[in-house]
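What follows is a set of notes on a single structure, which appears directly below.
The values are calculated or read from the model by the stated rules, or taken from the named source; none is laboratory data. Quantities reported herein were computed from a predicted structural model and do not represent experimental measurements. For neighbour counting, all protein chains shown are included, and Cβ atoms are generated from backbone atoms with ideal geometry for every residue, glycine included. Remember, those area values only see protein heavy atoms, side chains included, never the ligands or the DNA or RNA. Shrake-Rupley method; radii C 1.70, N 1.55, O 1.52, S 1.80 Å.
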Amino acid sequence: RVIGSIYVRLMPNGQVLVFNDTCTHLGCKVDYQAAEKRFFCPCHQSAFELDGKRQNQTPPRDLDELKAEVKDGVVWVKYQNFRTATAKQEAI
């Protein structure tokens with residue numbers, strides 16, 4: 001059963017950054033744009049750096065980072081959804 005989707009970024013030190021792929025603006029799905037090295041929301045042009053930081057003022061906050069850890073070569077993620085259109089990150 002699909003509960004949502006994420007982006008996983010392997011860092012040079014072996015840790016992972018994991019983001020919910022939902023835009024924090026109004027909840028559209030964020031695309032990864034390799035040529036621009038960013039995450040981009042096609043609905044209202046929200047843009048985010050590879051570390052999840054917002055690039056413009058359209059989204060009210062950075063991408064929502066999810067708790068994750070690597071155990072025996074497997075990435076374990078605590079998946080959550082968050083309220084959109086608010087500056088404060090609030091799990092729903």
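Hey, can you tell me all the residues within segment 23-47 that are assigned to a strand (DSSP E or B), open to solvent by less than 20 Å² (accessible area, probe 1.4 Å) and touching a residue at least 24 places away in the same chain (Cβ under 8 Å)? Of everything in segment 23-47, just one residue is assigned to a strand (DSSP E or B), open to solvent by less than 20 Å² (accessible area, probe 1.4 Å) and touching a residue at least 24 places away in the same chain (Cβ under 8 Å), namely Phe39.
If only residues of segment 66-84 that are in a loop (DSSP other than H, G, I, E, B) and touching a Ser or Thr at 6+ places or on another chain (Cβ under 8 Å) are counted, the one that is nearest to Asp21 (Cα to Cα) is Asn81. Checking Asp51, Asp62 one by one, the residue that is closer than 16 Å to Leu17 by Cβ, among the acidic types (Asp, Glu), open to solvent by 70 Å² or more (accessible area, probe 1.4 Å) and in a loop (DSSP other than H, G, I, E, B) is Asp51 and no other. Taking the numbered list (1) on the phi > 0 side of the Ramachandran plot; (2) open to solvent by 50 Å² or more (accessible area, probe 1.4 Å) in turn, Gly14 passes all entries but (2).
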